[in-house]
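**Student:** First the structure, then my questions, so here it is.
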Amino acid sequence: MIIGSKLYYEDEVDSTNIYAKSLLKTASDGTIVLADLQTAGKGRLDRPWYSPVGGIWMSVILKPEKPNLIPVLTSVSLCETFMTYDILLGLKWPNDVTLNKKKVAGILCEVVDQSVIVGIGLNLNIKEFPPELRHTATSVFIETKKSFDKMAVFQMLCKEIDYNYMMLKGDHVSHLLTKWRHYTIMLGKDVMIELPGRKVTGRVLDISSDGGLVIMKPDNTIERILAGDCQLVSMEKATRDDHAKPGT
Ligand code: BT5
């Protein structure tokens, strides 16, 4: 198994992604940084990521040929890990994993030189969240009222990532995409996606072979979006907001 063949396990770090970045020059494919606590965990666009003791905060260093599909691979691996506990997680493009409609895990992929640092934040045994996250975030503990053996979940997740990474390396992309379609909560749903300088609304049709979201817009044209902040919305509201003039 490549994933986790080298493991740096720390009590506390600022961010496992920052730590992983410092290892890049010498780290082999599949090296992992795991921490019990992060003091400066981050999400996309440097948003703060709440990372107390009880979660799984980890970064995997990968050297893939196709970095675009790493978020798909990672999110599918999280779902498959929890299927072994009979817990069905949902996937929300591009990087959220949900449980009962709330965010239970987030993925932050950073491409540095030829490597991808895959940050995974999984709210496993967290008992409660600060008020500003309570409505949107959850943990496996909160939803199931059960504590999980962190190292057992971590090892299962490494195994799933390893299997799916081999699929990617073997060019079995369609296999990964089929699994994503199975776990996503988005197919057929209306979304509003924020891109630099514009917002796009549409109905989700599919995921593309490079991990983009394929949507049908209100004018019936199809667009493939490769990155952006995505919200599920009602189409009526999305179209209204989309056409609203600034200041109205
Ligand atoms: C993400 O960003 O969802 C990616 C999170 C990646 C965190 C991991 S932990 C290990 C590794 N090391 C790091 O430093 N990071 C990675 P984004 O889609 O931008 O979501 C960030 C938003 O989620 C924040 O602005 C909050 O609203 C919310 N949030 C913060 N902490 C959360 C938590 N623990 N659970 C659920 N939502 C959270």
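**Student:** Against the definition (open to solvent by 10 Å² or more (accessible area, probe 1.4 Å) and either hydroxyl-bearing (S, T, Y) or at pLDDT 95 or above (or both)), how does I3 come out, yes or no?
**Tutor:** no
**Student:** Let me ask something else. Within the set of pairs 6+ apart or on separate chains, which have a first residue in the range 191-217 that is more than 13 Å from V233 (Cβ to Cβ), a second that is among the hydroxyl-bearing types (S, T, Y) and open to solvent by 10 Å² or more (accessible area, probe 1.4 Å), and C-beta atoms under 8 Å apart?
**Tutor:** I207/T184; S209/S174; V214/S208
**Student:** For the range 58-111, enumerate the residues that are of a type in the set (S, T, N, Q) and either away from the ligand (no atom under 15 Å from the Cβ) or outside any strand (DSSP E or B) (or both).
**Tutor:** Of everything in the range 58-111, those that are of a type in the set (S, T, N, Q) and either away from the ligand (no atom under 15 Å from the Cβ) or outside any strand (DSSP E or B) (or both) turn out to be N68, T74, S75, S77, T81, T84, N95, N100.
**Student:** Check the range 138-148 and report whether any residue there is within 9 Å of the ligand (Cβ to nearest atom) and modelled with pLDDT of 95 or more.
**Tutor:** Checking the range 138-148: at least one residue is within 9 Å of the ligand (Cβ to nearest atom) and modelled with pLDDT of 95 or more.
**Student:** Any idea which residue in the range 112-137 is modelled with the highest pLDDT, counting only those that are away from the ligand (no atom under 11 Å from the Cβ) and acidic (D, E)?
**Tutor:** Residue satisfying both the conditions and the ranking: E128.
**Student:** State the number of residues belonging to the range 30-50 that are open to solvent by less than 30 Å² (accessible area, probe 1.4 Å), in contact with a helix residue (DSSP H, G or I) (Cβ under 9 Å, 6 or more places away or on another chain) and in a loop (DSSP other than H, G, I, E, B).
**Tutor:** Taking the range 30-50 as the starting set, the residues that turn out to be open to solvent by less than 30 Å² (accessible area, probe 1.4 Å) are 30-35, 38, 41, 43.
Next cut, in contact with a helix residue (DSSP H, G or I) (Cβ under 9 Å, 6 or more places away or on another chain) only: 30-35, 38, 41.
From what's left, in a loop (DSSP other than H, G, I, E, B): 30-31, 41.
Number satisfying all stated conditions: 3.
Yes/no matrix, rows are residues, columns are (1) of a type in the set (A, V, I, L, M, F, W, C); (2) more than 21 Å from L195 (Cα to Cα); (3) free of Cβ contacts under 8 Å to residues at least 24 places away in the same chain:
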position: K92; (1), (2), (3): no, no, no
position: A105; (1), (2), (3): yes, yes, no
position: D113; (1), (2), (3): no, yes, no
position: L122; (1), (2), (3): yes, yes, no
position: N125; (1), (2), (3): no, yes, no
position: E128; (1), (2), (3): no, yes, yes
position: L133; (1), (2), (3): yes, yes, no
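**Student:** Find the residue count for the range 9-27, including only residues that are away from the ligand (no atom under 13 Å from the Cβ) and not in a helix (DSSP H, G or I).
**Tutor:** Qualifying residue count, the range 9-27: 6.
**Student:** Out of G55, G4, G30, which single residue is within 8 Å of the ligand (Cβ to nearest atom) and either farther than 30 Å from K127 by Cα or not β-branched (V, I, T) (or both)?
**Tutor:** Only one candidate qualifies: G55.
**Student:** Also, quick follow-up: Looking at the range 31-59, I want the residues that are free of Cβ contacts under 8 Å to residues at least 12 places away in the same chain and have a partner that is near the ligand (Cβ under 6 Å from one of its atoms) and open to solvent by 20 Å² or more (accessible area, probe 1.4 Å) with Cβ atoms under 8 Å, at least 6 apart or on another chain. Which pairs are those?
**Tutor:** From residues that are free of Cβ contacts under 8 Å to residues at least 12 places away in the same chain, the pairs are P48/K42.
The values are calculated or read from the model by the stated rules, or taken from the named source; none is laboratory data. These numbers come from a predicted model, not from an experiment. Neighbour counts are summed over all protein chains in view; Cβ atoms, including those assigned to glycine, are modelled from backbone coordinates with ideal geometry. Accessible surface areas use protein heavy atoms only, side chains included; no ligands, DNA or RNA. Shrake-Rupley method; radii C 1.70, N 1.55, O 1.52, S 1.80 Å.
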